[in-house]
Amino acid sequence: VNVASKCGLTPQYKGLQALYAEIGHEEFAILAFPSNDFMGQEPGTPAEIIEFCESNYQVTFPMFEKVHVKGEDQHPIYQFLSTGFEEPSWNFTKYLVDRSGKVIQRFDPRTAPDDPELRKRIDEALAE
């Protein structure tokens, strides 16, 4: 998931953390990639981003360095994730990757972490 601290969708951190706390031990991980690609909504340094996420949302899932998720400088992880799928259209776009490393679905930024369809697809992927 590409994330940002100053976005209207930033409260999704709470739901992502709840999901990670619930099933993060079941061969499931949330990997967060801060990005400043959408209206400068992630201006912080890596240390500021981590501090914000830990103090405001108690985030414990892996948080990576800031990356570009679209455009000419798109990070290789997002080149991979958007192969066959649309690149992120905004902060909090989610990609579901199966155990073999195949991207199986892209979820719109507005899809909440507790969305029933998202959870269903995660459960299906874990059952395979």
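Tally up the residues in segment 6-22 that are part of a loop (DSSP other than H, G, I, E, B) and open to solvent by 20 Å² or more (accessible area, probe 1.4 Å), please.
Residues of segment 6-22 that are part of a loop (DSSP other than H, G, I, E, B), as a first pass: 6-11.
From the residues that got through so far, the ones that are open to solvent by 20 Å² or more (accessible area, probe 1.4 Å) too are 6, 8-9, 11.
The total comes to 4.
Residues of segment 23-62 that are of a type in the set (Asp, Glu) and part of a helix (DSSP H, G or I): GLU48, GLU51, GLU54. Here LYS120 clears all of (1) assigned to a helix (DSSP H, G or I); (2) touching a residue at least 24 places away in the same chain (Cβ under 8 Å); (3) not β-branched (Val, Ile, Thr) except the condition numbered (2).
Close Cβ contacts (under 6 Å, 6 or more residues apart or on different chains) running from residues in segment 1-27 that are in contact (Cβ under 8 Å) with a residue 12 or more places away in the chain and more than 14 Å from GLU42 (Cα to Cα) to residues that are open to solvent by 80 Å² or more (accessible area, probe 1.4 Å) and among the charged types (D, E, K, R) comprise GLY15/ASP114.
Condition first: of a type in the set (A, V, I, L, M) and open to solvent by 80 Å² or more (accessible area, probe 1.4 Å). Now tell me which residues in segment 23-75 satisfy that. Correct list: MET39 only.
Considering segment 76-116, and only residues there that are part of a helix (DSSP H, G or I) and in contact with a Phe, Trp or Tyr (Cβ under 8 Å, 6 or more places away or on another chain), the residue that is surrounded by the fewest Cβ atoms within 10 Å (Cβ to Cβ) turns out to be ILE77.
What do you reckon, is ASP73 closer than 24 Å to SER89 by Cβ, charged (D, E, K, R) and without any contact (Cβ under 8 Å) to a residue 12 or more places away in the chain? Criteria met by ASP73.
When residues in segment 40-61 are screened for being of a type in the set (A, V, I, L, M, F, W, C), out of contact with any strand residue (DSSP E or B) (no Cβ under 7 Å at 6 or more places or on another chain) and either without any contact (Cβ under 8 Å) to a residue 40 or more places away in the chain or at positive phi (or both), 1 of them pass.
Screening the candidates PRO76, PRO113, PRO109 for the property of being modelled with pLDDT of 95 or more and in contact with a Gly (Cβ under 6 Å, 6 or more places away or on another chain) yields one hit, PRO113.
The values are calculated or read from the model by the stated rules, or taken from the named source; none is laboratory data. These numbers were taken from a predicted model, which means no experiment stands behind them. In this analysis, Cβ positions are derived from the backbone assuming ideal geometry, glycine residues included, and neighbour counts consider all displayed protein chains. Ligands, DNA and RNA are stripped out before the accessible areas are found, and what is left, the full protein with its side chains, is counted by its heavy atoms. Shrake-Rupley method; radii C 1.70, N 1.55, O 1.52, S 1.80 Å.
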